[in-house]
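S.K.: This structure is in structure tokens; I'll ask about it shortly.
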Amino acid sequence: MTYHHLSVLVHRQAEKYGDKIALKYRDYETAQWIPISWKEFSQTVRRTANAMVALGIEPQENIGIFSQNKPECLFTDFGAFANRAVTIPLYATSSPAQAQYIINDAQIRYLFVGEQFQYDAAFSVFGFCQSLQQLIIFDRAVVKDPRDMTSIYFDEFMAMDEELQHNAIVEERTAAASDDDLANILYTSGTTGEPKGVMLHHFNYREAFRIHDIRLPFMTDQDVSMNFLPLTHVFEKAWTYLCIHRGVQVCINLRPQDIQTTIKEIRPTLMCSVPRFWEKVYAGVQEKISQETGLRKAMMLDAIKVGRTHNIDYLRQGKTPPMMLHLKYKFYEKTIYALLKKTIGIENGNFFPTAGAAVPDEICEFVHSVGINMVVGYGLTESTATVSCFLNEGYEIGSVGTVMPDVEVKIGENNEILLRGKTITTGYYKKPEATAAAIDRDGWFHTGDAGYLKDSHLYLTERIKDLFKTSNGKYISPQALETKLAIDRYIDQIAVIADERKFVSALIVPVYGFVKDYAKEKGIAYSNMDELLQHPKIQALFRARIDTLQQQFAHYEQVKRFTLLPEPFSMERGELTNTLKLKRSVVAKNSRVLNSTLPRPVPVPLLAPSTQVSTTMPMTSSMTAALTMVVPRKLFRCPSSCKVATVMDTLVAVMMVPMNSAR
């Protein structure tokens with residue numbers, strides 16, 4: 001396969017694919033998806049590159065992009081690459097102070113901004129950024145400040161050179177482009193200090209393309225990828241560049257909160273996501289199962305059991321499933337699994353890369369059991385994303401997959417994972433001391449993550465900087481507990497705290513909708529959320545659920561006290577980064593004193609009371625035959641005239657699975 005430099009990649013793909021659709025974006029006024037062909041993509045990138053020359057942008061100059069996901073982000077990226085310029089994305093949710101830091105650190109002259117929020121944030125710090133000369137606004141609906149005499153809209157920017165009068169200069173710069181040129185500076189979210197600019201060169205991306213082509217040969221130009229995560233993040237950015245390299249159609253989701261609508265409109269074959277997405281799916285299915293009784297419930301549970309045996313016990317290990325097991329699986333594949341996937345919007349799925357946090361084993365098993373190819377992986381900004389990921393066969397649940405081809409991994413002191421290879425950053429922008437601390441003399445990058453290798457599979461154990469030491473001298477890994485407890489449908493967010501304490505505590509943001517439902521069911525009266533969360537019955541509910549989930553942990557690792565918070569963790573209070581990672585020190589400081597010293601009650605059932613749903617569809621002989629094959633015979637005692645618990649009842653129930661927790 002040919003590996004084109006990013007400065008010409010879009011143009012070479014346009015020569016190959018012409019009028020085939022390269023990108024789509026949603027027009028919110030018409031609720032229609034607007035296609036952009038490869039030819040149009042190439043032409044727009046060329047016009048953008050020429051307008052940049054007209055604006056005065058120089059080779060290897062730093063350009064800022066402060067926007068949510070929009071096609072203009074990619075036009076700006078590849079127009080900059082044609083000029084050998086460097087693009088620096090800012091998270092769309094960045095505060096004015098965060099934007100100011102990056103603009104000043106990178107000495108950005110020209111900042112491309114998306115919508116009103118980004119424009120307002122950028123303009124508010126304009127006077128504090130000596131290098132900043134002009135804002136270029138993507139969205140025409142943005143209302144400029146009356147004092148703003150310099151900002152222009154993107155269409156005005158593009159009109160600066162409609163005739164491509166500067167194309168000779170662009171071509172000259174493109175011809176001089178090198179793999180050693182800097183492509184991006186990606187600022188890390190800074191959970192423990194100020195952000196650091198990770199430098200990624202063109203050779204990093206070229207190598208990333210090569211090793212992903214080896215690992216993912218089943219990714220083709222017939223695929224359709226939903227661009228869901230922010231393009232500011234290396235996971236989505238590197239993935240989108242890979243999609244362009246492979247000729248994959250990219251559908252750009254503007255607002256993350258709209259994904260439940262847009263994913264059903266596009267029904268993609270590929271989509272990068274974080275574990276929380278699949279946790280929501282799992283919670284919805286478990287909620288539906290808990291409400292069912294009799295045959296419907298038995299079928300749902302059996303479908304998951306059959307899928308687990310078929311996909312994990314056999315196919316995962318390269319074994320051929322027994323005939324009867326395979327027939328049962330095919331039945332569920334065409335019924336329950338198919339309708340679940342259609343409900344989510346992924347019935348056309350090829351595979352779904354998942355990273356960014358630990359994937360609970362229960363979630364991983366469930367997703368693979370129902371036939372969804374979730375490719376769990378591990379990576380960092382400093383490694384141009386992927387370090388390791390699942391193979392289609394031979395993956396190990398609990399691991400983060402097999403190390404990518406030609407990426408070197410070794411385990412160092414304190415079990416720290418060390419990396420070396422062509423996808424690894426050369427260092428942090430203008431931070432030689434931080435670079436020297438992260439990359440040793442032998443070229444090994446120190447990730448700060450602890451883990452181990454076993455039979456070529458990489459396992460993560462904890463983030464070294466996040467390890468807590470209790471006052472009793474015991475070390476606690478908060479991520480392990482958080483990952484385990486976060487699968488509970490009543491828990492939305494959780495922060496485990498144990499530093500210099502005698503015991504482990506937890507700050508829990510409940511799923512407020514479920515708590516309200518429980519209160520209604522139990523007849524609990526309350527005047528506000530804070531009062532409800534302090535009610536003994538609610539405290540007992542969470543105590544029991546926590547105790548059930550943490551049984552596998554040593555006594556000193558278990559949560560002894562917890563506080564239920566009436567408000568979620570937020571970026572506004574500095575508790576979350578732009579990538580929604582927890583800032584533990586800030587959370588601990590902001591939260592009230594943990595004082596939920598409650599007695600340990602008898603554990604309560606994990607499943608809510610079931611609800612009988614009636615049906616009027618009679619059982620046919622073919623349905624009866626199918627049911628006797630897929631449902632344990634001791635549970636199936638239903639004549640052909642039976643009017644309850646039919647196959648269609650079960651399938652309709654599955655179609656009703658909610659993807660998001662009630663609020």
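The values are calculated or read from the model by the stated rules, or taken from the named source; none is laboratory data. All values reported here derive from a predicted model rather than from experimental measurement. As a convention, Cβ positions derive from the backbone with ideal geometry for all residues, glycine included, and neighbour counts pool all protein chains shown. The accessibility values were calculated without ligands, DNA or RNA, using every heavy atom of the protein model including side chains. Shrake-Rupley method; radii C 1.70, N 1.55, O 1.52, S 1.80 Å.
S.K.: Taking the DSSP beta bridges in the chain as the whole, what percent of them are antiparallel, to the nearest 5? Mind dumping the intermediate values first?
M.R.: Values: 42 of 77 bridges.
Antiparallel bridges: around 55 percent, rounded to the nearest 5.
S.K.: Moving on. Between Glu29 and Lys537, what is the label-to-label distance in nm when each label sits 7 Å out along the Cα-to-Cβ direction?
M.R.: For Glu29 paired with Lys537, the spin-label model returns 5.2 nm.
S.K.: Just for the Cα atoms in the chain, what are the lengths along the principal axes, largest first, rounded to whole Å?
M.R.: Result for the chain: principal-axis Cα extents of 79, 61, 54 Å.
S.K.: How large is the helix-only mean residue ellipticity at 222 nm for the chain, computed as the sum of -39500 (n - 2.57) over DSSP H runs with n ≥ 4, divided by its residue count, in deg cm²/dmol to the nearest 500? Walk me through the numbers before you get to the answer.
M.R.: Numbers: 23 runs with 241 residues, N = 663.
Only helices count here, giving -11000 deg cm²/dmol.
S.K.: To the nearest 20 debye, what charge dipole does segment 155-304 have about its Cα centre, counting +1 at the Cβ of each Lys and Arg and -1 at the Cβ of each Asp and Glu? Numbers along the way, then the final one.
M.R.: Details: 15 positive and 22 negative charges, 235 e Å.
Computed about the Cα centre, the dipole is about 1140 debye.
S.K.: Compute, for the chain, the length of the dipole vector about the Cα centre, with Cβ point charges of +1 (Lys, Arg) and -1 (Asp, Glu) only. Units Debye, rounded to 20. Can you show the working numbers first?
M.R.: Details: 73 positive and 72 negative charges, 579 e Å.
Dipole about the Cα centre, nearest 20: 2780 debye.
S.K.: For segment 110-165, run through the GluC sites (Glu not before Pro) and keep only the ones in DSSP coil with at most 13 other Cβ atoms within 10 Å of their Cβ. List each step's numbers first, then the result.
M.R.: Working: sites: Glu115, Glu156, Glu162, Glu163; in loops: Glu115, Glu162, Glu163.
Taking segment 110-165 and a limit of 13 other Cβ atoms within 10 Å, the loop GluC sites (Glu not before Pro) found are Glu162, Glu163.
S.K.: Then there's this: How large, in percent, is the carbon and sulfur part of the accessible surface of the chain at a probe radius of 1.4 Å? Walk me through the numbers on the way to the answer.
M.R.: Values: 14810 of 27940 Å².
Carbon and sulfur together cover 53 percent of it.
S.K.: Continuing with this model, one more query. Arranged from highest to lowest average of other beta-carbon atoms within 10 Å per residue, in what order do the peptides 514-523, 304-313 appear? Kindly include the intermediate steps, with their values, before the conclusion.
M.R.: Working: 514-523: 14.5, 304-313: 18.5.
Highest mean packing first, the order is 304-313, 514-523.
S.K.: Now for a separate question. Checking the a/c ratio against 1.5 first, then a/b against b/c, what shape does the Cα gyration tensor give for segment 291-382? Don't jump to the answer; show the numbers that get you there.
M.R.: Working: a/c = 1.94, a/b = 1.51, b/c = 1.29.
Because a/c hits 1.5 or more and a/b exceeds b/c, segment 291-382 counts as prolate.
S.K.: Rounded to a whole number of µm²/s, how large is the Stokes-Einstein D of segment 283-341 at 20 °C and 1.002 mPa s, given Rh as the Kirkwood radius over C-alpha pairs? Walk me through the intermediate numbers first.
M.R.: Details: Rh = 12.1 Å.
Translational diffusion coefficient: 178 µm²/s.
S.K.: Also, I was wondering about something else. Assign unit charges at the C-beta atoms only (+1 for Lys and Arg, -1 for Asp and Glu), then state the dipole size of segment 1-106 relative to its Cα centre in Debye, rounded to the nearest 20. Could you put the intermediate results ahead of the total?
M.R.: Working: 10 positive and 10 negative charges, 74 e Å.
Roughly 360 debye for segment 1-106.
S.K.: Which Cα, out of Met160, Ser178, Met149, lies furthest along the positive dipole direction of segment 137-178 (beta carbon charges, K/R +1, D/E -1)?
M.R.: Met149
S.K.: Sorting Phe203, Phe128 by accessible area (1.4 Å probe), largest first, what list results? Could you put the intermediate results ahead of the total?
M.R.: Numbers: Phe203 55, Phe128 135 Å².
Order by accessible area, largest first: Phe128, Phe203.
S.K.: Give the shape of segment 226-328 as rounded, prolate or oblate, defined through the alpha-carbon gyration tensor: a ≥ b ≥ c are the square roots of its eigenvalues, a/c under 1.5 means rounded, and otherwise the shape is prolate if a/b is larger than b/c and oblate if not.
M.R.: Working: a/c = 2.90, a/b = 1.61, b/c = 1.80.
Verdict is oblate for segment 226-328.
S.K.: While we're on this one: Answer rounded, prolate or oblate for segment 108-196, using the Cα gyration tensor with square roots of eigenvalues a ≥ b ≥ c: rounded when a/c is under 1.5, else prolate when a/b is larger than b/c, else oblate. Write out the running numbers ahead of the final one.
M.R.: Numbers: a/c = 2.33, a/b = 1.12, b/c = 2.08.
Oblate.
S.K.: If you roll a 1.4 Å probe over the heavy atoms of the protein chains, what accessible area per residue do you get for the chain, in Å²? Spell out each step's value before the answer.
M.R.: Details: 27940 Å² over 663 residues.
Accessible area per residue, the chain: 42 Å².
S.K.: If you take the charge dipole of the chain about its Cα centre, with +1 on Lys and Arg Cβ and -1 on Asp and Glu Cβ, which of Thr262, Ala99, Ser477 is farthest toward its positive end?
M.R.: About the Cα centre, the residue reaching furthest to the positive side is Ser477.
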